[in-house]
Protein chains: 2
Amino acid sequence: MQEATGPRRVVVEGVTPEIDGGRFPIKRACGETVVVEADVFADGHDVLGVRLAYRREQDAHWAEAPMEPLGNDRWRASFEVSALGRYRYTVLGWVDHFATWRRDLAKKLEAGQRVPVELLVGARLIQETGRRASGDDRAQLQRWADELGRQDRSDADRSRLALSQDVQQLVARYPDRSGQTTYDRELTVVVDREKARFSTWYELFPRSCSPIPGRHGTFKDCEARLPYVASMGFDVLYLPPIHPIGTTQRKGRNNSPDAGPGDPGSPWAIGAEEGGHTAVHPELGTLEDFRRLVAAAQSHGLEVALDIAFQCSPDHPYVKEHREWFRIRPDGTVQYAENPPKKYQDIYPLDFETAAWQALWQELERVFRFWIAQGVRIFRVDNPHTKPFGLWEWVIGRIQRDHPDTIFLSEAFTRPKVMYRLAKLGFSQSYNYFPWRNTKSELIGYFTELTRTEVREYLRPNLWPNTPDILTEYLQHGGRPAFMSRLVLAATLGASYGIYGPAFELGEHRPREAGSEEYLDSEKYEIKHWAIDRPDSLREFIGRVNRIRRENPALQHDWSLRFHPVDNESLLAYSKQTADGSNLILVVVNLSPHHRHSGWLDVDLEALGLEAERPFQAQDLLTDAYYLWQGSRNYVSLDPHSAPAQIFRLRRRLRTERDFDYFL
Amino acid sequence: MQEATGPRRVVVEGVTPEIDGGRFPIKRACGETVVVEADVFADGHDVLGVRLAYRREQDAHWAEAPMEPLGNDRWRASFEVSALGRYRYTVLGWVDHFATWRRDLAKKLEAGQRVPVELLVGARLIQETGRRASGDDRAQLQRWADELGRQDRSDADRSRLALSQDVQQLVARYPDRSGQTTYDRELTVVVDREKARFSTWYELFPRSCSPIPGRHGTFKDCEARLPYVASMGFDVLYLPPIHPIGTTQRKGRNNSPDAGPGDPGSPWAIGAEEGGHTAVHPELGTLEDFRRLVAAAQSHGLEVALDIAFQCSPDHPYVKEHREWFRIRPDGTVQYAENPPKKYQDIYPLDFETAAWQALWQELERVFRFWIAQGVRIFRVDNPHTKPFGLWEWVIGRIQRDHPDTIFLSEAFTRPKVMYRLAKLGFSQSYNYFPWRNTKSELIGYFTELTRTEVREYLRPNLWPNTPDILTEYLQHGGRPAFMSRLVLAATLGASYGIYGPAFELGEHRPREAGSEEYLDSEKYEIKHWAIDRPDSLREFIGRVNRIRRENPALQHDWSLRFHPVDNESLLAYSKQTADGSNLILVVVNLSPHHRHSGWLDVDLEALGLEAERPFQAQDLLTDAYYLWQGSRNYVSLDPHSAPAQIFRLRRRLRTERDFDYFL
C-alpha cells in the first residue's frame, strides 16, 4: 500500500544514466563530465524548480546545478568529477510558486486584465520569501512586499516592480522547497584516474628479455628492455604472472603434457616450493629487483601492470596449507581443472563453494594488497568469469576504497552478459570481442553497442589485436598489412588498447596447427629470444600511431566515435572529436590485407561541425601529407601493402576579422 | 561497500516485465498470462536450475515454474493470473551440481575416459540428495548411492545407472538450493477483471433522455433509453456528473458567461445547496432512482460508470464547510480556476497544498466509497493530471484493496509522460491521443508505441472518436464516412473504446466556431433532444461492429496488433489474432472520407500462420461477403461512401486425414 505523499506534487523519474535501477555505479575518469537527464513534472501547469544534486560520497553536503528543460518534461544538467573515488547524484524538483505567479501575472497584464488581488498575492509570496532570508536580503524582500501591497500606488507601477529582474533574482535565492520531491534513488559514479580511460598497453614475458638466447630472462633484463617499449609510446607494461611455477604435471613446449627437463612451464601454473601468489619466481630475480623494475619503468613513463590469476599449480603452498580451499575428490586427491573431456592437471582451481570462503576471500584480497605495497596499481585479472561475481564486487570495492587509483582489467573472453556483469561489478577496463570483429558490419555493430548504448556507462573496452592466447585467423593470413590495420583499428577505435609483443611488432603469425588460435612454439611454454631489431619490425609504425594518440585528445576518449559511409565494403571510416570540436580525427582503414580498395567516402559534415561550402584541411598524420577537401564526398584509395590506413586530422578553416582564411 | 555474498554464485538480472526498477506494478486481466524473462548465469559453465516464483500477494507460499533457456543466458517462463487483486513474482536460480556432474560424466564417457572417481563423486551427490528427501525417496536414493559406490561393479554398469532417467528425475526433486540467488526485487501484477481489458463504452447525458423536448430528463427516462444503448452492443453506460449543479457564475449555452433563467448549467460545476459529490441532482431523480438505473442497466448487460470530477461550484457545501480546502485570495474570496488569461469563475479547484490535505484525501476517498455502496464499480476520473499524482496511487490502492473489481479510467489529455505516470500509478484504462491520430503514419506510430513497447504493461488505452469536449476536425469535415471509419478504427485498434452519443451515431459535426473542437450548442450547457430514430443513424452499423467485437476474441486484446503494408497512404491494414491463432481478424480502413482508394495489400502470412501456397478464406464480417485469397498480395479497394472499412475474418484451410480441404 502506497503511503500518502501529501503536498509533494513533483514527480522525478526516468533518470539517466542509471544502471539496473541504480544497483551499479557508472564510471568516469577524473575531469570528465556526468550529464544527467530526468523526467520531472507536476500535476497542473505550475513552473518547476529542478536541480541536479551531487556530492563526493564522503561529503555530507550536496552541491546543486539547475537543470534545463529540453521539452517533453525532460531536464538536463551536468557536473564534473574532479576527485578520485565515488560520487553520488540524484535529482530533485519543487513547484516554484513565485515563478508561477510571475508568469501568470505577465499573461494577465498582456491580456489587459486588472490585477489588484494578484499584486497582493505577490506581496504575500515575497513576504514569505523574506522569512526564509536574513539580513539585508530579508529587509529588501520585506520592503518590496510592502510596496506591492500599497494600494495607494498604481497597479502599473507595482506590476513593473513585481516583474523586475531584481525581484526575480533575489526571490530565486530563497525558494520554498518544503514540498520538494527527491528522486527515490541516489546513484553512484566511480571516478578513476585518467589512465582507466586512456591507456596504451604492452605485454611482454620478462623471462624472454635476456639478451643471450637460451638464458632465462630476469627483471634486470626487463629493465634494459624499457627504453625499447617506451620508444613505441606505450604507458603500461603488463607482465604475465611472475610467481614461482609448479613442476608437478608441468606442461612442455606447445602445451605438451610432458615437460622436458629444460622446459620452464607456464607462468599461469602458479606456485611452487618457493611460494605462491605473493612470491617472485627465483629465476626472474628478487622482490627487490621487481620493485626496481617498477621504479625504472616509471622513469620511462611506463606503469607496471601485474596479472592476477587465482589458480594454483599442484605445488602451490595453499595446497598443503589450505586444503579446505580446494575440492577433494573421493580418492583423496585434489580436483584439477577440467573442461570435459579436457583435463588440465597442472592447475588446481580454488573451490569458491568451500565453507571457508571468507578466509579464502581475505587471502585473495591480501594478494592485491601485497602487490600494491610493491608499487603496483594496475591489475589484469585472469579469467574473472570463473570466480564468483560477488568476490569481484567485494574485493574491488575494498581495494578502491583505500586505493582509488587502482585499475582492474577484466580478462573475460566469455558470453556477453557475463562480460557486462563483470564490468558493472567494478572492473575498470574489459577485454572484449575486438579480436574477432573484422568485417565492416561486425566492427560498426560492435562499436556502436560499446559506445552508443548504456554499456558505455560502465564498460571501458581495452582492445587487443593479439594476446599470448589469441593469434587470430586474420593475423595468421593477412601478413604485415593485417598487423598494421589491426593496430590502427585498436589504437583509434579504442582509447585503451594493447598488444602482446614483441610477437606483434615482429609479425609472429604461425599457429600451432591449422584452425588453432594458439601460437606455434608459444611463449606460454618456452623462453623466446626475440630479434627486436629486425628491420621489418613494426616498431616505428607503432611508435608513430601512439604519438598520434598522445597528441590528439580526440583519440583519448571512446564516446565521440561516429562511423561514416564509404561505398566499399572493405573500407571503414570513422571519426572522433573532442567535446569542443577543436581536435577532429578521421580514420580510414582498408580491412582487406590483400587488395587495394577505393571508394567514395561520405563524411557527415554536420556532425563534425564542417561546412559544405568551405574547404577544410585533411592532414594524414601517418604520412604528413596534406589535402584540401570540400563537401561531404571524397575519394579514398588504400593499398594495404603501402598504407592500409590513413589517420587524418581535419581542420576547420576560420574566417578572421579581415575575412582572411587561414588554418587553425 | 558491497557485503560479501560468499557462495551465492548465480546472478539474476534484466527481469522483464519490470516498470521503473519495480517501482510500479504491471497490469493484467483475470485469465491472462504473465510471461517473465530474465538473464540468469553463474561464473564458470555449471548447469543452473532457474525458477520463476509467483504468488498472490496475500499468500505466504510461492508457486514455482521452471524457466526455459532461450540462449544468450536468457530464460523464460510464464504464469496465469486467475484471481483479482495483486500477485508478486520474482526469479531465482542455483547451481545444479548433480546436473553438472551428470553432463560432464556423459562427456567423459563419450571421450572413452575411465570414470571411477567420478562415479564416487556421483554417489556422494546422490547420498547428499537423499538427506534432503524422506521416506521411500530417501531409501531409494541411498540404494543408488550405494550401488554407484560399489567398486565390485563395472564402471559401465554404474555409469548406466548414474545417467538413467530414474535417477535424474528423483534427484531433480530434491535440489540443493542452499546457494540459491533470488532476484533482489519482488515485482507486482495488478489483476483486474476482464472488463478492464475489453469494454465498450457509451456516454450519454441523462438529462437529455426525456422523450419530451424541453423537459429535463431523469434517471427514469435514462432507464427507458437502456434498450436502445444495449441494442448497439455496448456494455458500459457512462454518465457525466449527476450531482447538483451550482448557480453562481453558472455558464449559459455555448459556454456563455451569463446563463439565462432556463439554462441548466454544466454538470461539471458540481455542488449546490442540495449537496455535492455524494448527492444527486434533484431534477434527475433520487438516489433510489439512480440505484434502480444501475440495476436496470445490469439487466441489459450494461454497467453504469460514473464521472468523478474533483472540483466545486461556488455553491458546493465544501466551500462553506471546508474553506481550508480552497485557496483564499488576499481579498478573502476563494480562488477560482484559471488558465491565464482565461478565468473559470464557476469552478473552484480544491487546494491540494492545503495543510488539511489528509482530511481532504479522506473525503475524496469517501466519495468513491459512497458510489461503490450504490453499486458503481467503474469510475471515469476527470482531469486527474490537475490533482497530485500521489493522491491517485493512494486512493486507487485503498479502494482496490477492498474492491479489486473497481475500474478507473483516466481522463488525462495531457503530455505523454504525465499520461503514462497516471497509468503507472494505478488507473485501469486511459484516454489517449487517438482522437488526433488520423494519418496512416500517425496511427502506426502511435499504436506501435502503445502495443509494442513497455507502455503496454501498465497502460490500457480506451479509444474515443468523440467526447463532449472533442469534436475533431476530421469528424467536422469528413461526413458519414469519417464517423464510420473512426468507429471501426476505435473498435478494432482498441480492445476498449467508447463514443459519446447520441451525438456520434447521429453524426453531430457542427463546431461552435471554425477552429474549435467544441460542439455548437454543446450538450455540456443545455438539454438536448436527440432524434435517435433518424434513418441516417449509425446505430445499426455500430451494433454490427460491436457484435463482431463480441464474437471475435482477437479484437478483445490489444497486444497482437500488427500492421501490414498497403501501397496506398490512405489505406491502413492491420491484424489481430488470439494466442492460439484460432481467431484471426484483418481490418482494412480507407482513411480518406472523401475518395475511393485502392491498393495492393501485402499480408505478412508468416506472422499470421498462413501458408503462401494454400488459399485461405477471407470473410468480410461487415457485409458477410466471402473471398478466397492466396499468397500475401491481395488487391483492396474501398469507397468511403459505401464501405470505408472492411473487417475480414481469415480462416486457415486445414488438411484432414483424408487430404480433404475444408474451412475451419
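The values are calculated or read from the model by the stated rules, or taken from the named source; none is laboratory data. On a predicted model such as this, the values are computed, not experimentally measured, just so you know. Don't worry about glycine lacking a Cβ; one is built from the backbone with ideal geometry, like all the others, and counts go over all protein chains shown. Please note that ligands, DNA and RNA were not included when accessible areas were found on the heavy atoms of the full protein model with its side chains. Shrake-Rupley method; radii C 1.70, N 1.55, O 1.52, S 1.80 Å.
Observations, loosely collected:
- Top-ranked residue of the stretch A:297-325 - restricted to ones that are within 14 Å of chain B (Cβ to nearest Cβ) and crowded, with 19+ Cβ neighbours inside 10 Å, ranked as nearest to B:Arg124 (Cα to Cα): A:Trp325
- Meets criteria (more than 9 Å from chain A (Cβ to nearest Cβ), within 35 Å of the chain's Cα centre (by Cα) and at pLDDT below 95) for B:Tyr348: no
- Odd one out for A:Ala482 among (1) surrounded by 24 or more Cβ atoms within 10 Å (Cβ to Cβ); (2) under 21 Å from A:Asn255 (Cα atoms); (3) not hydroxyl-bearing (Ser, Thr, Tyr): (2)
- Just one residue in the set A:Gly44, A:Gly22 is of a type outside the set (D, E, K, R), open to solvent by less than 20 Å² (accessible area, probe 1.4 Å), assigned by TED's automatic domain parsing to the domain that holds A:Leu70 and at positive phi; that residue is A:Gly44.
- Residue ID - nearest to the other protein chains (Cβ to nearest Cβ), chosen from residues in the stretch A:400-426 that are surrounded by fewer than 19 Cβ atoms within 10 Å (Cβ to Cβ) and assigned to a helix (DSSP H, G or I): A:Lys417
- Every condition in (1) open to solvent by 50 Å² or more (accessible area, probe 1.4 Å); (2) over 25 Å from the mean Cα position of the chain (by Cα); (3) at the interface with chain A (Cβ under 10 Å from one of its Cβ atoms) is met by B:Ala60 except one, and the failing one is (3).
- Taking the listed residues A:Val294, A:Val304, A:Val229, the one that is in contact (Cβ under 8 Å) with a residue 12 or more places away in the chain, touching an Asp or Glu at 6+ places or on another chain (Cβ under 9 Å), assigned by TED's automatic domain parsing to the domain that holds A:Trp530 and among the β-branched types (Val, Ile, Thr) is A:Val294, with no other qualifying.
- Qualifying position, being touching a helix residue (DSSP H, G or I) at 6+ places or on another chain (Cβ under 8 Å) and in the same structural domain as B:Tyr497 (by TED's automatic domain parsing), among B:Asp263, B:Asp235: B:Asp235
- Scan of the stretch A:562-580 for residues that are under 21 Å from the mean Cα position of the chain (by Cα) and open to solvent by 10 Å² or more (accessible area, probe 1.4 Å), ordered by number: A:Arg562, A:Phe563, A:Gln577, A:Thr578, A:Ala579, A:Asp580
- Only one of B:Gly49, B:Gly6 that is buried (at least 18 other Cβ atoms within 10 Å of the Cβ) and within 8 Å of chain A (Cβ to nearest Cβ): B:Gly6
- Residue in the stretch A:337-356 that is open to solvent by 10 Å² or more (accessible area, probe 1.4 Å), closer than 26 Å to A:Lys320 by Cα, assigned to a helix (DSSP H, G or I) and in contact (Cβ under 8 Å) with a residue 40 or more places away in the chain present: no
- Checking each residue in the stretch B:208-217 for being out of contact with any Asp or Glu (no Cβ under 7 Å at 6 or more places or on another chain) and either open to solvent by less than 30 Å² (accessible area, probe 1.4 Å) or closer than 17 Å to B:Ser537 by Cα (or both) picks out only B:Gly217.
- Flag for A:Gly179 being away from chain B (no Cβ under 14 Å), at pLDDT below 95 and either out of contact with any helix residue (DSSP H, G or I) (no Cβ under 8 Å at 6 or more places or on another chain) or part of a helix (DSSP H, G or I) (or both): no
- Filtered residue count, the stretch A:460-474, keeping only those that are crowded, with 24+ Cβ neighbours inside 10 Å and not in a strand (DSSP E or B): 5
- Number of the condition not met by A:Tyr433 [criteria: (1) open to solvent by 20 Å² or more (accessible area, probe 1.4 Å); (2) farther than 17 Å from A:Ser496 by Cα; (3) of a type in the set (Ser, Thr, Tyr)]: (2)
- Residue satisfying condition, being away from chain B (no Cβ under 11 Å) and either open to solvent by 40 Å² or more (accessible area, probe 1.4 Å) or more than 27 Å from A:Glu64 (Cα to Cα) (or both), within set A:Ser164, A:Ser159: A:Ser159
- Which numbered condition B:Ala38 fails, given (1) under 29 Å from the mean Cα position of the chain (by Cα); (2) surrounded by fewer than 16 Cβ atoms within 10 Å (Cβ to Cβ): (2)
- Cβ separations smaller than 7 Å between residues 6+ apart or across chains give the following pairs from the stretch A:384-395 residues that are in contact (Cβ under 8 Å) with a residue 60 or more places away in the chain to residues that are open to solvent by 10 Å² or more (accessible area, probe 1.4 Å) and not acidic (Asp, Glu): A:Lys387/A:Phe352.
- So A:Val95, is it modelled with pLDDT of 95 or more, closer than 30 Å to B:Tyr336 by Cβ, touching a helix residue (DSSP H, G or I) at 6+ places or on another chain (Cβ under 7 Å) and within 14 Å of chain B (Cβ to nearest Cβ): no
- Failed item, numbered, when A:Gly122 is tested on (1) more than 53 Å from the chain's Cα centre (by Cα); (2) touching a residue at least 24 places away in the same chain (Cβ under 8 Å): (1)
- A single entry from B:Leu109, B:Leu120, B:Leu84 fulfils the requirement of being of a type outside the set (Ser, Thr, Tyr) and away from every other protein chain (no Cβ under 14 Å): B:Leu84.
- Within the option set A:Val376, A:Val395, A:Val367, A:Val381, being more than 7 Å from chain B (Cβ to nearest Cβ) and in a loop (DSSP other than H, G, I, E, B) holds for one residue only, A:Val376.
- Residues located in the stretch B:256-287, provided they are of a type outside the set (Gly, Ala, Ser), over 14 Å from B:Thr218 (Cα atoms) and open to solvent by 50 Å² or more (accessible area, probe 1.4 Å): B:Pro257, B:Asp258, B:Pro261, B:Glu273, B:Glu274
- Scanning the stretch A:48-97 for residues that are part of a loop (DSSP other than H, G, I, E, B), under 20 Å from A:Gly14 (Cβ atoms) and of a type outside the set (S, T, N, Q) turns up A:Met67, A:Asp73.
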